[in-house]
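First comes the structure, then the notes that go with it.
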Amino acid sequence: MPSPMPRILPRFLLGVLLACGFAHPIPVGSAPAEPARITATDLLKLKQVETPALSPDGKWVVYVVRSMESKPAATDDWEYHTHLWLAATDGSSTPRQLTRGARSNTDPVWSPDGQRIAFVRGTGVPGEKTQIHVLDLTGGEAQAWTKLDTGAANPRWSPDGKRLLFTSNFNYAQTRDALEKAGKPAKPAWPQEKPRREPNDTANWGLKKKGDKPVEEKDAAKADPDGSLQDIREWLAKNEAGANPRVTTRLNFLAEGDLALEPQLAQLHVMDAAPDAKPEPVALGFANYGAAEWMPDGAAIVVTGPREPGQHPDRSRLRALYSITLATGEPKLLIERPDANYANPTPSPDGKWIAFTYQTGGDFTFDQSKVALVPSGGGAVIDLTMGLDRNAGAPKWSPDSQWLYFTAPTNGGVPLYRVAAKPGAEPEKLTDLESGVRDFDVSAGGVVLSWGNPANPWELVAADAEAGQPRTLSAHNSEWLRGKELSAYERHSYVNKEGLTIEYWTMKPVPFDPARKYPLLVQIHGGPSAMWGPGEPSTWHEFQFFAARGYAIVFANPRGSGGYGRAFQSAIFRDWGVGPGNDVLGAADYAVKEPHVDKNRQVITGGSYGGYLTAWIIGHDQRFKAAVAQRGVYDLSVFHGEGNAWGLIPLYWGGFPWDAKVRRILDRESPINYVNDIKTPLLIKHGDVDYRTGVIQSQMLYKALKQLGREVEYVRYPRATHELSRSGEPKQRLDRLVRFEEFFRRYIGEN
């Protein structure tokens, strides 16, 4: 039988609810006002609280608020605004907005003296690059400190505040040009993989200048389609530089919403802390160095870089840790392993250690990411989270260098952990599983969290060093949520026939009448290694909207989900359909036993892998009155070629479609091959430029069902990528939600 978790609020959660005004009692003798329900257009009121950064003295926190605002001169369309806000960590004053206008303002970092904030600003004009701006808190407007054609991002102040480190992305032609001007070798150590051609065997036609027009180099050979072989090559290269045609020899030639014809190379730069200072490149070249952080002495930085610099960037999937002394600009290998991928290097404030995360298992692995230490000069690695069996996120140091804080998805929540920076230490969980920490920062006075739960998806919260005594600093969502009636998340679990414990959650309709019967909506997450629960903000509005529209809701974390350890996550190796499908249906079987659920009015939906599993389930089970498959994968062999997430094929099936044994498994596991058995009315949704899963498969599924005479409808969103439901155009996000509900109502009727 399913076992519901006791509905007792933990200390941290109760404190935040009280601070937000969600747990206040109703005075005796007063009649409560009729609560309002969540509507579709409430989506446009949501504010996302992101990237909090504490001032050096811990008294202030700057953070980003992402909102959806009406477009100028538009009555039925919206756009995103991201702005910097400032709050006192003691809650003594109301947060105030630091930036305004329609620009994008992100990634704030404090100068060591606490007087200035560097951040990344984008104009919103297509084709224009982001630049580093600096805001002086003593007064005045933000100033642009970089004006590079290649843009600038990821600012980091030097420990003495006299320099600024940042990243600028170069394409191949820009890297070649910069190296040639510096008098350095301008060919990569890795092969370009253009058959029977040599690197740089034509003029640098790909070099751009303002206006995005190819540079006509005076020393270039004559570009002539009727000339010599070299003239022909120059003419063809000139055409390619103008993107007519688009040519590539890359393995990873698909980005999120377009082709990625050549790799983008992160070039590190350092500049003096002044608006007119000239940025100087660090370790300029064809190797991709990133995640740069200053060492406390200011003489060096620590970065990630390719484990095998001689491999093409598309084939060099594993990263190592390097240190770069700024005086020489030469990278020095700090730590690597043949089967490991390293990320998030973070020097301790005292300079003795470098914390980082790493994942073993090679290119394709289910191993969980771990937090570890290495002496700053190199040496033996100290693992700090080996026994946690969860994917640990980027660590942050306490100012005294004694503790490392990190988050890790766990059983439906995203708690904050900390672990002592010493051998044998055990991580301790600081926040509960009924909430999610989106991001955080640490100071001597405690922590600040971008935090949410089922009562409020995003607010800024400050707490002590153990995440106790929480106080809510912002009211970006609590103000408009006040008076809204929300549905609670009710946690359950059951043990499936393989002995795995499957956690699932149910939500009651709003308002709820126990004497009535309600339709059941089954929701399925993507990934397949995603994890849903009270700590997941991306589904908050969708779930509350459907509850307000009179649906009972059930969602599960079937085998393969993250947040439950390596064995659970790898339990769908060569089994994407039967096992996880049974886990989802098992949760639905328990949900329909609730007396308020109408078992004859069940509908189902899911996105990405959830779209796959939706199509799989309705090809094997006929209980649902209607289904919506979103941005899914339906033919796994085709997915390998048309999706940029093709790495899921070797990870989950141990091979590729041209291996006959693997191909048989892929065919067995592909929903398209059960199309004859799909009788459930189906709405198929995809974005026009969703290159993560690819678009062709959704067309194949739609056409097959159409030819079979089934009840099917196909929805395509222009300009939309795989992220439509999370960060897509606001009007499309709204349309998606309302369209799904209308489709369901055709088959289950009104309540």
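The values are calculated or read from the model by the stated rules, or taken from the named source; none is laboratory data. Everything quoted here is computed from the prediction, not taken from an experiment. Cβ coordinates were reconstructed from backbone atoms using ideal geometry, including for glycine residues, and neighbour counts include every protein chain displayed.
Quick look at the numbers
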item: Answer residue from the stretch 227-277, given it is assigned to a helix (DSSP H, G or I) and charged (D, E, K, R) and is surrounded by the most Cβ atoms within 10 Å (Cβ to Cβ) among those; result: Glu234
item: Residue within the stretch 466-473 that is surrounded by 24 or more Cβ atoms within 10 Å (Cβ to Cβ) and under 22 Å from Leu46 (Cα atoms) present; result: yes
item: Scan of the stretch 112-152 for residues that are aliphatic (A, V, I, L, M), more than 22 Å from the chain's Cα centre (by Cα) and closer than 23 Å to Lys278 by Cβ, ordered by number; result: Ile117, Ala118, Ile132, Val134, Leu135, Ala142, Ala144, Leu148
item: Count of the stretch 151-171 residues which are assigned to a loop (DSSP other than H, G, I, E, B) and surrounded by 19 or more Cβ atoms within 10 Å (Cβ to Cβ); result: 3
item: Matching residues, the stretch 529-538, being more than 14 Å from the chain's Cα centre (by Cα) and either small (Gly, Ala, Ser) or surrounded by fewer than 23 Cβ atoms within 10 Å (Cβ to Cβ) (or both); result: Gly533, Gly535
item: Val715, sole failed condition from (1) outside any helix (DSSP H, G or I); (2) β-branched (Val, Ile, Thr); (3) farther than 22 Å from Val603 by Cβ; result: (3)
item: Criterion (crowded, with 21+ Cβ neighbours inside 10 Å and modelled with pLDDT of 95 or more) met by exactly one of Ala567, Ala552; result: Ala552
item: Any hit, the stretch 187-205, residues being touching a strand residue (DSSP E or B) at 6+ places or on another chain (Cβ under 6 Å) and either over 22 Å from Gly310 (Cα atoms) or assigned to a loop (DSSP other than H, G, I, E, B) (or both); result: yes
item: Residues that are among the β-branched types (Val, Ile, Thr), closer than 26 Å to Thr680 by Cα and touching a residue at least 40 places away in the same chain (Cβ under 8 Å), drawn from the stretch 701-738; result: Val738
item: Given (1) more than 23 Å from Lys47 (Cα to Cα); (2) in the same structural domain as Pro52 (by TED's automatic domain parsing), index of the condition Trp458 fails; result: (1)
item: All helices (runs of 4 or more DSSP H) inside the stretch 624-703 with 1 or more residues being out of contact with any Phe, Trp or Tyr (no Cβ under 9 Å at 6 or more places or on another chain); result: 636-642, 660-669
item: Those strands (runs of 3 or more DSSP E) lying entirely in the stretch 389-481 with at least 2 residues of a type in the set (S, T, N, Q); result: 446-453
item: Among the residues listed as Asp583, Asp589, Asp513, the single one being farther than 24 Å from Ala40 by Cβ and either under 26 Å from the mean Cα position of the chain (by Cα) or assigned to a loop (DSSP other than H, G, I, E, B) (or both); result: Asp583
